[in-house]
Amino acid sequence: MLPGLMQSSPLTLHSIFDRLRTVHADAEVVSVLGDGDDRHLVRHSNAELAERVLRLCTVLRDLGVGEGDRVATFAYNSHRHVELYWAVPLLGAVLHTVNIRLHDDQVRYIIDHAGDRVVFFDGVLAEAAAQVAPQVSGVGHWIAMGECTAPAPAGALDYEELLGKADPMAVADLPVIDENAACGLCYTSGTTGMPKGVLSSHRGMWLHSLASCTADSIGLRETDRVLPVVPLFHAFGWGLPYSAAMCGASLVLHGSDTSAAALTPLVLDERVTVAAGVPTIWKDLLPALGDGTFDDASLRLVFVGGSASPASLIDAYLQRGIEYLQVWGMTETGPLAATSRPRARHEGLSYAELIAVRERTGTIMSGLEARIVGDDGVPLPWDGRSVGELEVRGPWIASGYYESAEFTAEKFHDGWLRTGDMAWMEADGYFRIVDRAKDLVKSGGEWISSVEVEGALLAHPAVRDAAVVGCRSHKWDERPVAAVVVEPGASAPTLAEVREFLAPLFAKWWLPDHVEIVDEIPKTSVGKLDKKVLRTQLDHVELP
């Protein structure tokens, strides 16, 4: 081998932080703090944020946090949460973002499983923290971020008091970290069994940040003001604290309220240009599009993940000149792995055809690889027809679960992550996920995509929310059943009306055999359809 004459610098978060505090010192982080009538905005320039981060490094060091130690957050989106995103890995420790929506037993499990030394919690979550604190082992300190609205864990320290007393650690005194060292720990939402830990490395997060800034992925840039409606405790906040810092974009953080009434003025007043979240967020904001509220908004892009978006929702945003970009990923993919930007070969398509293109999952991000495989593990052709399980690999894809050999063996093989998503892929790699493997409906030996039927059903004017699952059928083994939440003021659609609405789009045997009107569709802790719970709720449905 003839070595190349290139310098070698470690790809760690330290270099992104250094850029944040120098090149992009004038960008800002805007936070909504408090709850209810106490909600208020606070602003910090990146230079001010960096000084607080370095004070926090001193605090952590004085609390005994060292390289490899796990430090947990139990918090909403705020500047304090972002400060922890930086300070913990800069010290060589590991940031563990705890999902505040998990059940208490799951929270206790992952804090113990992670071996957290310190837990930082929002003051408005003091009651939840106090319930968990006596039941976990190994946590030496609980630290309240903001005024507590209920009794806090015994002996809890105050975040701002600690920062106020600490001197900023000199950048030169930060430890030199190996790029392959862990920087973040995030647990899956635990829809099957207990959550599993995904341990990200500095190198993986650095490369993910760089990829997120490229034009054909998210395309973040210095002039952007980014609103992550995705929680910072879920899937590493889709990497946005780091990718925004890499390109110099400002961050706008919504706090605890994600209602349309709270988000709409925030988007307008803070001149947000890019926003990220699950489809339900953007559906709730549709009235602001419809009444012209967003006509003068600076919003140019919303990128959306968590579940597939219906064509009607994509169309509503595009008609207002706001790009609606579907992204795909999971905690295990670091997290973003694919985007649905149309390709060069899609130029010249009609508007309706381009909507159909944007409904697909898209192209795997540069730096990653994807394939689809059959039940025997053999790769299937990229012919736009063959459906198999999507597998991915690359430098920001997990290689296993933290301290969980059993689940690692189940989900990883031959260097590939088994995603559990069923997809087909076109010749140039543009692909579409048709369903989760466990959510496909098998009727008479043939597969029906619940995701595609759901997407079409959401376009019905009387349907506010919908989910499709398979229920028992004496004749066909399973048949699709639709659970529907009705729009306020609308009449509940009958089975005949639903089938008539869907008939132009699907073969007759894809149409639901039963419609169940429900008050709400069960969701997981991260806002995804919880079909495991829904199947239990519909267990009474038995079809011919």
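The values are calculated or read from the model by the stated rules, or taken from the named source; none is laboratory data. Every value quoted in this text rests on a predicted model; they were computed, and no experiment measured them. Don't worry about glycine lacking a Cβ; one is built from the backbone with ideal geometry, like all the others, and counts go over all protein chains shown. SASA here: full protein model, heavy atoms, side chains in, ligands and nucleic acids out. Shrake-Rupley method; radii C 1.70, N 1.55, O 1.52, S 1.80 Å.
Values for this structure:
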quantity: DSSP-defined beta bridges in the stretch 2-111 - what % are antiparallel, rounded to 5; calculated: 60
quantity: Helix-only mean residue ellipticity at 222 nm for the chain, each DSSP H run of n ≥ 4 adding -39500 (n - 2.57), per residue, nearest 500; calculated: -8000 deg cm²/dmol
quantity: Gyration tensor (alpha-carbon) shape descriptor, the stretch 464-538, a/c threshold 1.5; calculated: oblate
quantity: Check: the stretch 93-225 dipole with +1 on Lys, Arg Cβ and -1 on Asp, Glu Cβ, in debye; calculated: 380
quantity: Value in Å of the Kirkwood radius, where the stretch 151-227 supplies the Cα pairs that are averaged; calculated: 17.0
quantity: nm² value of the averaged projected area, convex hull over the Cα atoms of the stretch 386-529; calculated: 11.6
quantity: The chain, accessible surface, carbon-and-sulfur percent (1.4 angstrom probe); calculated: 51
quantity: Net charge over other residues, Cβ less than 14 angstrom from the Cβ of residue 493 (K, R count +1; D, E count -1); calculated: -3
quantity: Around residue 153: net Lys/Arg minus Asp/Glu count, Cβ-Cβ under 14 Å; calculated: -4
quantity: Listed peptides 250-256, 96-102, 402-408, 511-517 by packing density, highest first (mean Cβ within 10 Å); calculated: 250-256, 96-102, 511-517, 402-408
quantity: Antiparallel %, DSSP beta bridges [both residues in the stretch 265-348], to 5; calculated: 25
quantity: Within-10-Å neighbourhood charge of residue 30 [Cβ basis; K, R +1; D, E -1]; calculated: -1
quantity: Loop-located trypsin sites (Lys or Arg not before Pro) in the stretch 1-79, at most 14 other Cβ atoms within 10 Å (DSSP); calculated: 39
quantity: Percent RCO, i.e. relative contact order, over the stretch 26-90, from Cα pairs under 8 Å lying at least 6 residues apart; calculated: 34
quantity: Percent RCO, i.e. relative contact order, over the stretch 111-247, from Cα pairs under 8 Å lying at least 6 residues apart; calculated: 15
quantity: Nearest-20 debye value, the chain charge dipole, Cβ charges on Lys, Arg, Asp, Glu; calculated: 780
quantity: Residues of the chain: accessible area per residue with a 1.4 Å probe, Å²; calculated: 42
quantity: Tensor-based shape of the stretch 70-202 (alpha-carbon gyration tensor, a/c under 1.5 rounded, otherwise prolate or oblate); calculated: oblate
quantity: Relative contact order for the chain, counting Cα pairs under 8 Å that sit 6 or more residues apart, in percent; calculated: 10
quantity: Rounded, prolate or oblate (a/c below 1.5 giving rounded, otherwise prolate when a/b exceeds b/c) for the chain by Cα gyration tensor; calculated: prolate
quantity: Where Cα atoms sit under 19 Å apart: lysine pairs in the chain separated by 8 or more or lying on different chains; calculated: 19
quantity: Rg/Rh (Cα only; Kirkwood hydrodynamic radius) as it applies to the stretch 200-331; calculated: 0.94
quantity: Extension gain, residue 343 back to residue 160 (0.36 nm per residue minus Cα-Cα distance, nm); calculated: 61.0 nm
